[in-house]
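Here is the structure we will look at.
The values are calculated or read from the model by the stated rules, or taken from the named source; none is laboratory data. A quick note: this is a predicted structure, and the numbers were derived from the prediction, not measured. Methodologically, a virtual Cβ is constructed for each residue, glycine included, from the backbone with ideal geometry; neighbour enumeration extends over all protein chains shown. Accessible surface areas use protein heavy atoms only, side chains included; no ligands, DNA or RNA. Shrake-Rupley method; radii C 1.70, N 1.55, O 1.52, S 1.80 Å.
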Amino acid sequence: MRRQESLWLKFIRYWFGIDSRLDERQLAEVERIGNNAYIVFSLTEMIMVLISLCFAFTTQLALAYYFLVLATAILTLLLWGYTNFALNKLQIL
């Protein structure tokens, strides 16, 4: 008899593109990778906002806006690469 998957597990499988069912170890690893990515994103986003505010008060406002948008896009791509690398290394994807 199969247990029904929770909505959270379905969302994790959809978000990371995982086709197979996750056992407890794989789920713990996926959550660890997601937590690491969230912490890195949050901390660097706060630093980028502070740098952007310094740009806004000292130089042009447009420069601060462009810096924030470009830095966020680069950070998102780097974290996407990290999650894909880590999941492929664990052979979950």
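At full extension, M46 and E5 could sit 11.2 nm farther apart than now, given 0.36 nm per residue minus the alpha carbon distance.
Heavy-atom accessible surface of the chain, averaged per residue, reaches 79 Å², computed with a 1.4 Å probe.
Solvent-accessible area assigned to carbon and sulfur over the chain amounts to 69 percent, based on a 1.4 Å probe. Using the Karplus relation 6.51 cos²θ - 1.76 cosθ + 1.60 with θ = phi - 60°, the per-residue 3J(HN,Hα) values for segment 20-26 come to 8, 6, 9, 8, 5, 5, 5 Hz, with x marking Gly and Pro.
Could you check how many percent of all C-alpha pairs in the chain are farther apart than 19 Å? Can you show the working numbers first?
Values: 2243 of 4278 pairs.
So the portion of pairs separated by more than 19 Å is 52 percent.
Extension gain for A62-L79 works out to 3.5 nm (0.36 nm per residue, less the C-alpha to C-alpha distance). For the chain, a crude dipole built from +1 on the beta carbon of Lys and Arg and -1 on the beta carbon of Asp and Glu, taken about the Cα centre, is about 260 debye to the nearest 20.
Loop-resident trypsin sites (Lys or Arg not before Pro) (DSSP state other than H, G, I, E or B) in segment 5-93 with no more than 12 further Cβ atoms inside 10 Å of their Cβ: R21.
Remark: relative contact order (the chain) = 33 percent; criterion is Cα-Cα distance under 8 angstrom and separation of 6 or more residues.
Comparing Q60, A73, N36 along the charge dipole axis of segment 17-92, the residue lying farthest to the positive side is Q60, per the Cβ-charge model.
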